[in-house]
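Written out below as structure tokens is the structure these notes cover.
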Amino acid sequence: MPVETDPDKVYDIVQKEYNEQHNIKWLKPLGFNNTYAIAVRQETAEEHNLKTVSDLAQVSQQLAFGTDQEFINREDGLKGLKEIYNMKFEKEQAMEIALRYQAIANKNISVTNAFATDGELIKYDLAILEDDKNFFPPYYSAPTVNQNTLEKHPELEEVLNLLAGQISDQEMQQLNFKTAVEGQAEAEVVKEFLQSKGLV
């Protein structure tokens, strides 16, 4: 059965299932989509004129892909990606997932997978290629609240929904960069962001 990739349909399915099975309500999405992404160095993108994964498929036999073993074998990972885009890499290198950014920065590999909001994408100045065949499913972030809690505190839904659509992929990358790469305190980063949006 193919994976659903329409964000609205996925949200409706998840909302319904969580409500029925776990008595949990999904509130409005925050805006960013932390889905899988395919990343290359800027120089690799420029050298091969890469903007989409379909572009990558044209030159993939010249490039090494590095990631963890699980992603290599997953149907919704590299295995499925190669089938959908009809591509083959020169080499597939398995490594600890935490090492893939250093490996691509050090030119040990040319292509890797990422999450679209990883702060390391900024740190290593990587280019994300457009998933032009919509292979990867959407992973939009949204607050979840137990229905019993909402019954006791119905005002929570209105307050949390103030965040709906407030955080883009790029903004989340920046927030993750500040905490994961620069080491800033999460509470301070959140406070500064909320202030910038006029929410506190």
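What follows draws every value from the coordinates through simple rules; no lab data is involved. These numbers were taken from a predicted model, which means no experiment stands behind them. No Cβ is skipped: glycine too gets one built from the backbone with ideal geometry, and neighbour counts run over all protein chains shown.
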**Prompt:** Taking neighbour Cβ counts within 10 Å as the exposure measure, how do Asp76, Asp8 sort from fewest upward?
**Reply:** Asp8, Asp76
**Message:** Please list, ordered by chain and number, the residues whose modelled amide H lies under 5 Å from the amide H of Leu30; skip anything fewer than 5 residues away on the same chain.
**Reply:** Ser141, Ala142, Gly165
**Prompt:** Taking +1 at the Cβ of each Lys and Arg and -1 at the Cβ of each Asp and Glu, which of Ile128, Gln93, Phe177 sits farthest along the dipole of the chain towards its positive end, judged by Cα position relative to the Cα centre?
**Reply:** Gln93
**Prompt:** Which listed residue (Leu160, Pro138, Asn148) has the Cα farthest towards the positive end of the charge dipole for the range 129-172, taking +1 on Lys and Arg C-beta and -1 on Asp and Glu C-beta about the Cα centre?
**Reply:** Asn148
**Antiparallel DSSP beta bridges within the chain, as percent of all bridges there, nearest 5** = 65 percent
**Request:** Let me have the relative contact order for the chain, percent, based on Cα pairs under 8 Å that are six or more residues apart.
**Result:** 34 percent
**Message:** Give me a comma-separated list of calculated 3J(HN,Hα) values for the range 39-46, in order, Karplus coefficients 6.51, -1.76, 1.60 applied at θ = phi - 60°, integers in Hz, x for any Gly or Pro.
**Reply:** 10, 9, 5, 4, 5, 5, 4, 6
**Complete:** Counting Lys and Arg as +1 and Asp and Glu as -1 over every other residue whose Cβ sits under 11 Å from the Cβ of Ala185, the net charge comes to -2
**Request:** Just subtract the alpha-carbon distance of Ser168 and Gln58 from 0.36 nm times their residue separation and send over the number in nm, one decimal.
**Result:** 36.6 nm
**Message:** Could you derive backbone 3J(HN,Hα) for the range 68-78 from the dihedral phi with the Karplus parameters 6.51, -1.76 and 1.60 (θ = phi - 60°), listing whole Hz in sequence and x where the residue is Gly or Pro?
**Reply:** 7, 4, 4, 5, 4, 9, 6, 5, 9, x, 5
**Complete:** Karplus-derived 3J(HN,Hα) from phi for the range 138-149 (6.51 cos²θ - 1.76 cosθ + 1.60, θ = phi - 60°), whole Hz, x at Gly and Pro, runs x, 10, 6, 7, 8, x, 10, 9, 4, 4, 4, 5
**Request:** For the range 40-125, calculate the relative contact order in percent as a whole number, restricting contacts to Cα pairs under 8 Å that are 6 or more residues apart.
**Result:** 37 percent
**Item:** the chain - mean residue ellipticity at 222 nm from DSSP helices (-39,500 (n - 2.57) per run, n ≥ 4, rounded to 500)
**Value:** -11000 deg cm²/dmol
**Complete:** Quick calc, the chain, dipole around Cα centre from Cβ unit charges on Lys, Arg (+) and Asp, Glu (-), nearest 20 debye, gives 220 debye
